[in-house]
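Take a look at the structure below.
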Amino acid sequence: MTPSTARSVVKHLLLFVTLGLSAISLPSLAQMSIEITGVGQSLYPVAVMRFKDENKLPISVTDIVRQDLARSGYFKNTENGNASESDEGTPNFKSWATRGADALVVGSVVQTGTTQFEIRYKLFDVRKSLSLGGLDLNSSADNLRAVGHKIADDIIFKLLGERGIFSTRLSYVIKEGKRYRLVISDADGQNIRNAMTSGEPIISPSWSPDGKKVAYVSFEDRKPVIYVHELATGRRIPLSNQKGNNSAPAWSPDGKKLAISLSKDGNTQVYSINADGSGLQRLTTGRTIDTEPQYSADGRYIYFTSDRGGNPQIYRMSAQGEQAEGAKRVTYKQGFVTSPRISPDGKYLAYIANIGGAFRLYILNLATGDSQALTESSTDESPSFAANGRYVLYSTKVGGKRVLAAVSVDGNSKQVLTIPGSDVRQPSWGPFMD
């Protein structure tokens, strides 16, 4: 491929990536179904017993906990029926060990008001015959899914020593007819609700570090404009409405700035801007296309996509701009690379590589320089790390339709999240909610 041909291709590709307008549809009441297509290491057998008096609840907290643990790729449910176990006293550890459980979860429900409940849960280490504590949670009827996710997160932390991600949220963009929706859901794809609806495309959602805001690009003014949307109030501000394209917003780790891509001076370049829309500063100085900025985990650097070498590759520069520290190329092993995303711990770079027309999700160990394909598909796009850095969420095609998928960073555990009859894309995985 000649440099001129490559530049033409990358201009088309980067326009698609940063201004992607592919139509997607979603039945308004549909929820996601999840198919686990692989597992990680040996699964940890855990018995999650039906919470006592759970029939008082409009939904099953037990089922939410079981489903979360199964999706984690770490656990195997050894009890899937309706039998309950008392959450008072000490369980018969020897009996549970004989039944193949390494851990036991028990719980109960007490109704404290017309729509108010107290949900108690306890966790036991069967092998060590120890109580690991539990939680006592008060909840309204419409917040029970959050309770189930919180219990699953607590189990993950107590048994594995790491934070669970079930209480985090997803965002993505859907289209129904001629209407576009910015959608927020639980991490399991359930509990879908709208953040914004528009008659023009909405693209590139990006979570603020505190999980309270989402930046995105809207075409409601018949041109791409970047907005910051407060999820709790619905209030939003136009962050950047410069001449030309305003695209690809990405938050700094402290939430004070965003890196964005603008074409106001001709070719698309990377800029930084304060979260209130002030302090616009140009960061790249090239004559080619520089786009898709992403801050490093410590906020010192910005990774971005550029075709300055002929084909698109990932580069890194100082967060203060290319003039403060020249851009350095990061990716070398594939000839056509876009969509950089940095893991929350700063160890990995996820990206999309185009190999012979196949767009595939890769991960790069930034310390060693080793990279590997995480999928075997050819239509991957829009990677996004989970808050614990263990999984990458992305969009791909299954059966000719766009779906959301998640894969562990070792490539072993895979999940596909689908909505019957719908295409879904441009996902973004939200942060821990502290």
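Go through (1) in a loop (DSSP other than H, G, I, E, B); (2) open to solvent by 10 Å² or more (accessible area, probe 1.4 Å); (3) in contact with a Leu (Cβ under 6 Å, 6 or more places away or on another chain) one by one and return the number of the condition K158 breaks.
That leaves (1) as the condition not met.
Among the residues of segment 371-380, write down those that are open to solvent by 20 Å² or more (accessible area, probe 1.4 Å), modelled with pLDDT of 95 or more and either closer than 21 Å to P205 by Cα or not in a strand (DSSP E or B) (or both). So that I can check it myself, show each step before the final result.
Residues of segment 371-380 open to solvent by 20 Å² or more (accessible area, probe 1.4 Å): 371-373, 376-379.
This time we only want the ones that are modelled with pLDDT of 95 or more, so: 371-373, 378-379.
Within segment 371-380, S378, T379 qualify.
Taking segment 38-79 as the search range and keeping residues that are outside any loop (DSSP other than H, G, I, E, B) and among the aliphatic types (A, V, I, L, M), which one is surrounded by the most Cβ atoms within 10 Å (Cβ to Cβ)?
If we filter segment 38-79 for residues that are outside any loop (DSSP other than H, G, I, E, B), which is where we start, we get 44-48, 50, 52, 54-56, 61-71, 75-77.
The next check asks that each one be among the aliphatic types (A, V, I, L, M); those that pass are 46-48, 61, 64-65, 69-70.
Numbers: V46: 24, A47: 22, V48: 30, V61: 26, I64: 23, V65: 27, L69: 26, A70: 21.
Going through the qualifying residues, I end up with V48.
For segment 408-434, what are the residues that are more than 11 Å from the chain's Cα centre (by Cα) and assigned to a strand (DSSP E or B)?
Scanning segment 408-434 gives S408, K414, Q415, V416, L417, T418, R425.
Quick check on segment 161-172: of everything there that is open to solvent by less than 50 Å² (accessible area, probe 1.4 Å) and farther than 13 Å from A387 by Cβ, which residue is modelled with the highest pLDDT?
S171
Which pairs turn up if I take residues in segment 151-179 that are in contact (Cβ under 8 Å) with a residue 24 or more places away in the chain and look for partners that are outside any loop (DSSP other than H, G, I, E, B) and basic (K, R) with beta carbon separation below 6 Å, at least 6 apart in sequence or on another chain?
What qualifies is S167/K150; I174/R181.
Go through (1) within 24 Å of L366 (Cα to Cα); (2) assigned to a loop (DSSP other than H, G, I, E, B); (3) modelled with pLDDT of 95 or more; (4) open to solvent by less than 50 Å² (accessible area, probe 1.4 Å) and name the single condition Y303 misses.
Result: Y303 passes all but (2).
So in segment 192-208, with the set limited to residues that are assigned to a loop (DSSP other than H, G, I, E, B) and crowded, with 18+ Cβ neighbours inside 10 Å, which one is farthest from the chain's Cα centre (by Cα)? I'd like the intermediate steps shown before the answer.
Initially, segment 192-208 is screened for residues assigned to a loop (DSSP other than H, G, I, E, B), giving 192, 199-201, 208.
Among the residues that remain, those that are also crowded, with 18+ Cβ neighbours inside 10 Å are: 192, 201, 208.
Numbers: I192: 15, P201: 21, S208: 12 Å.
Among those residues, the one meeting the criterion is P201.
Give the residue, chosen from I192, I203, that is in contact with a strand residue (DSSP E or B) (Cβ under 8 Å, 6 or more places away or on another chain), touching a residue at least 60 places away in the same chain (Cβ under 8 Å), closer than 23 Å to F432 by Cβ and not hydroxyl-bearing (S, T, Y). Spell out the reasoning first.
Values: I203 fails: closer than 23 Å to F432 by Cβ.
None of the other options fit; the residue is I192.
Given the options D265, D254, name the one that is out of contact with any strand residue (DSSP E or B) (no Cβ under 9 Å at 6 or more places or on another chain), among the acidic types (D, E) and part of a loop (DSSP other than H, G, I, E, B). Please lay out each step first, then the result.
Working: D265 fails: out of contact with any strand residue (DSSP E or B) (no Cβ under 9 Å at 6 or more places or on another chain).
Selected residue: D254, the only one of D265, D254 that is out of contact with any strand residue (DSSP E or B) (no Cβ under 9 Å at 6 or more places or on another chain), among the acidic types (D, E) and part of a loop (DSSP other than H, G, I, E, B).
Could you please find all residues in segment 370-397 being touching a Ser or Thr at 6+ places or on another chain (Cβ under 6 Å), more than 17 Å from I342 (Cβ to Cβ) and of a type outside the set (D, E)?
S377, T379, S395, T396, K397
The values are calculated or read from the model by the stated rules, or taken from the named source; none is laboratory data. Model, not experiment: these values are computed from the prediction. Virtual Cβ from ideal backbone geometry, glycine too; neighbours counted across all protein chains shown. All accessible areas refer to the heavy atoms of the entire protein, side chains included, with ligands and DNA or RNA removed. Shrake-Rupley method; radii C 1.70, N 1.55, O 1.52, S 1.80 Å.
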